[in-house]
Amino acid sequence: MQRGLFNISQKYQSRRIAAGGATALLTIMALTSGASAQDQGSATALQPLTISGGQGTEEKKDSETVAAKSSAGASKIKTPLIETPRSVSVVTRKELDQRGAQDIIEAVRYSAGVTTGGYGFDPRFDQVYIRGYSATTIGDYKDGLRQPYINYGTFRTEPYTLERVEVIKGPVSVLYGAGSPAGIVNKISKLPTEEPIREVGVLYGTEDRLQGMFDFGGPVSEENDQFSYRLVGLARNGETNFDISDDRYLIQPGLTWQPNDATTFTIYGLAQADETDTNVGAVVDPSGKVHDLRASDPDYDYQKVRQQQIGYQFEHEFDGGITFRQNLRYSHLDLRSRYLGIYSWTGTVAHRGASSIRDEMNVFQIDNQLEAKFDTGPAAHTMLFGLDYTNLTSSFGFGMDSVATPANDFDIANPTYGVSGPTPGYNVSQAEADLRQVGIYALDQVELDRWRFTFGGRQTWFEQDRDTQLVASGTSSSERVNKDAFSMQAGALYLFDNGIAPFASYASSFEPIPNRSTSGAILDPLEGEQFELGVKYQPPGTDVLLSAVAYQIIEKNKPVLVDPTLLTYRSLGEVTSRGLELEARTAVSEQLDLIAAYTYNHAEITGGSDLGNTPAVTPQHVATLWANYTFAEDMAASGLSLGAGVRYLSETYKDTGNATGKNEDAFYLDAAATYDFGAIDKKYEGLTAQVNVRNIGNEKPVVCNEGYCYLSQGRNVTASLKYRW
């Protein structure tokens, strides 16, 4: 080891100890006298000196706690959350398992600042809002790389394939390029581990939902520990509420090669097939009444998506505190869908016509990172330099019946389903679109005594082309968006001995919008900036993380859907959100886990034609509470774990004009029960049964959004049996 590297590492680690970090055992290589055959005859040798701290044992894994200690999502550098000067919520594997999350919406809805259900029950997409702004399409990330959206289809992620889910709030364009001011939802995949993993399970639930899954991993062989693997698989067939399909089949393999302590290379893949429905909207009659009926027909309606991904993660640590990382992925998506929509009415009879959509995407992404650790006087720096590139090509087609088909008529006075018929050709429009993004960025994390500073900047070049052919008229158009933008972020945090850490941060973002206006022109780029002021608290050595954050976000050129049939939008203008978030993720004791969150968000349109109004489906108050208690081994109910949750969303406006009334507030109760059969007899160790009930009260409020109304999901129950050995 070089003397220079030793000096940097020693200084860096000493600050960690002084700050009361979670590391309990630190081994420092101390310089002592001794003979060495290396280094030009130097008589210096390294001998371990062990220093014990008072912080307890090694940091727990995500599968063992609901309070994660660190995250790389906010800086691309693994950093303790208590030392990160911005707001981040981490949903660990343990929390995902406790609540039995069946999709990403369920995974994140107990996090502060997060709102779900803006389009009622809609299993086509992971509809997520952060601090009042949509992160559904432009805030979707997996393993640090964006899962892009350009036309209609989106990549879907299965929670069972994940190790954790990170919600990074506010603009993160410095690290990730074009993005929403809302922030991102970054899903971290299950990757190969050195410890053996063997798990199989089955699940049954509402409605006739049958699922099997497995998770295997560990060293490839006992003789060779350089190679480890992970293989995750899932097969699901079933319906959900309102006869909406939710079928999924996937396989996710991974292989890691670690030839030495300094080098790691992981290759991974995914093959996934999904089938759900396209039009999940409710029937709205001419009087405006919303019926508990689907506007489409479940026997005709489908949305079939095939997606594949392959990529690798490479990391090599050089001497001198330099680390190089490369994250590469290629993704393919193929979507085919058809549905029925209401064209007109005669009395109680809705006259419906059929529509069809196809969407294909091919995406290549690479992110190169160079991390350097060094000192300048009393300040310890961790600098990150990056260069990333994205190339996306796509093909899109849309078709529909020119007039309603009598065979598709639907009488709401005598509703019957079971329509079958042909799929329309893509006779309305066809488009070829592609985008390219190149970015260079730099981020500096500085430790100065108990201060933590973050400074970052990025220059992004973005180009998008779209050639559209209007089939019926035989006309065509071409649009090109060519933009470049500079984005920045800065933050400061002070870490007290007792675990209190006040912080402040600023960040900006931009997002070239692929959506088209009614005239066919591509909308102006979306721009955003955020100011944050908050405090975190993590008593040293505990699985407790509390936070309180006040924020202001300003978003310009927000797109609003005008016509879902033609997928056209308009720019809303400027939206300003000011709010307060409170969050607690804590293991109160070995038996009790507690997750609590409250969000106050005052959103107002501060520019444009709807000045002074509140954006649609943006609640002012959101509150959630989840508690899980596991009975100890010496208790009569040993092996039993009980969980209960409460979710509340205040009323929201149905449209940005605030003229058509409000959606009702909603109150939901959730519950879970898990039993470990190992408590009966050790020979059953690893066998667990779990029951999860979502929306116990079967509340089904109607959600209307810009003139279109959707049904909310009613009571949903799943029961699972898993065996891990």
Handout entry: strands (runs of 3 or more DSSP E) enclosed by the stretch 490-574 - at least 3 residues per element that are polar (S, T, N, Q)
Key = 500-511
Handout entry: Yes/no for Gln272 being in contact with a strand residue (DSSP E or B) (Cβ under 9 Å, 6 or more places away or on another chain), among the polar types (S, T, N, Q) and closer than 30 Å to Pro219 by Cα
Key = yes
Practice task
Scan the stretch 684-704 and give yes if some residue there is in a helix (DSSP H, G or I), touching a Phe, Trp or Tyr at 6+ places or on another chain (Cβ under 6 Å) and assigned by TED's automatic domain parsing to the domain that holds Gln211, otherwise no.
Solution key: yes
Handout entry: Boolean, Ser63 is of a type in the set (Ser, Thr, Tyr), under 23 Å from Thr323 (Cα atoms) and either modelled with pLDDT of 75 or more or within 19 Å of the chain's Cα centre (by Cα) (or both)
Key = no
Fill in the blank from the handout: Ala632 meets each of (1) closer than 14 Å to Val575 by Cα; (2) assigned to a loop (DSSP other than H, G, I, E, B); (3) among the hydrophobic types (A, V, I, L, M, F, W, C) with one exception, condition (1)
Exercise for the section: Please find, among Glu199, Glu163, Glu158, Glu194, the residue that is over 21 Å from Val575 (Cα atoms), surrounded by fewer than 23 Cβ atoms within 10 Å (Cβ to Cβ) and free of Cβ contacts under 8 Å to residues at least 40 places away in the same chain. Expected result: Glu194
Problem - Criterion: closer than 30 Å to Val562 by Cα and assigned by TED's automatic domain parsing to the domain that holds Ser245 - qualifying residue of Leu649, Leu640, Leu625 - result: Leu649
Handout entry: Residue match in the stretch 234-242 (condition: part of a helix (DSSP H, G or I), crowded, with 16+ Cβ neighbours inside 10 Å and either in contact with a strand residue (DSSP E or B) (Cβ under 7 Å, 6 or more places away or on another chain) or assigned by TED's automatic domain parsing to the domain that holds Arg325 (or both))
Key = yes
Handout entry: Members of the stretch 432-453 that are small (Gly, Ala, Ser), modelled with pLDDT of 95 or more and crowded, with 16+ Cβ neighbours inside 10 Å
Key = Gly439
Handout entry: Test: Asp655 is surrounded by 15 or more Cβ atoms within 10 Å (Cβ to Cβ) and either not assigned by TED's automatic domain parsing to the domain that holds Ile595 or not hydrophobic (A, V, I, L, M, F, W, C) (or both)
Key = yes
Problem - Residue match in the stretch 84-95 (condition: at positive phi and under 14 Å from the mean Cα position of the chain (by Cα)) - result: no
Practice task
Tell me which residues, restricted to the stretch 467-486, are buried (at least 16 other Cβ atoms within 10 Å of the Cβ) and either at pLDDT 95 or above or not in a strand (DSSP E or B) (or both).
Solution key: Val471
Handout entry: Index of the failed condition, Glu590 passing every other in (1) surrounded by fewer than 18 Cβ atoms within 10 Å (Cβ to Cβ); (2) within 22 Å of the chain's Cα centre (by Cα); (3) acidic (Asp, Glu)
Key = (2)
Practice task
Take the stretch 530-543 and flag every residue that is crowded, with 20+ Cβ neighbours inside 10 Å and touching a Gly at 6+ places or on another chain (Cβ under 9 Å).
Solution key: Gln530, Glu532, Lys536, Gln538
Problem - Test: residue in the stretch 638-658 that is over 21 Å from Ala597 (Cβ atoms) and free of Cβ contacts under 8 Å to residues at least 24 places away in the same chain - result: no
Handout entry: Test set (1) under 30 Å from Met635 (Cβ atoms); (2) in contact with a Ser or Thr (Cβ under 7 Å, 6 or more places away or on another chain); (3) not hydroxyl-bearing (Ser, Thr, Tyr) - Ile554 fails condition number
Key = (1)
Handout entry: Candidate set: the stretch 58-81, residues that are among the small types (Gly, Ala, Ser) and in contact (Cβ under 8 Å) with a residue 24 or more places away in the chain; chosen: the one surrounded by the fewest Cβ atoms within 10 Å (Cβ to Cβ)
Key = Ser63
Fill in the blank from the handout: The number of residues in the stretch 617-629 that are in a loop (DSSP other than H, G, I, E, B) and hydroxyl-bearing (Ser, Thr, Tyr) is 1
Fill in the blank from the handout: Note on the stretch 358-387: residues closer than 30 Å to Phe398 by Cβ and surrounded by fewer than 17 Cβ atoms within 10 Å (Cβ to Cβ) are Asn362, Phe364
Handout entry: Condition met for Ile366 (assigned to a strand (DSSP E or B), assigned by TED's automatic domain parsing to the domain that holds Trp257 and over 22 Å from Asn408 (Cβ atoms))
Key = yes
Fill in the blank from the handout: For the stretch 82-112 the number of residues that are surrounded by fewer than 21 Cβ atoms within 10 Å (Cβ to Cβ) and not in a helix (DSSP H, G or I) is 1
Exercise for the section: Please go through the stretch 298-312 and pick out each residue that is of a type in the set (S, T, N, Q) and crowded, with 22+ Cβ neighbours inside 10 Å. Expected result: Gln303, Gln307, Gln309
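The values are calculated or read from the model by the stated rules, or taken from the named source; none is laboratory data. Being a predicted model, the structure only gives us computed values, none of them experimental. Note that each Cβ is placed from the backbone with ideal geometry, even for glycine, and that neighbours are counted across all protein chains shown.
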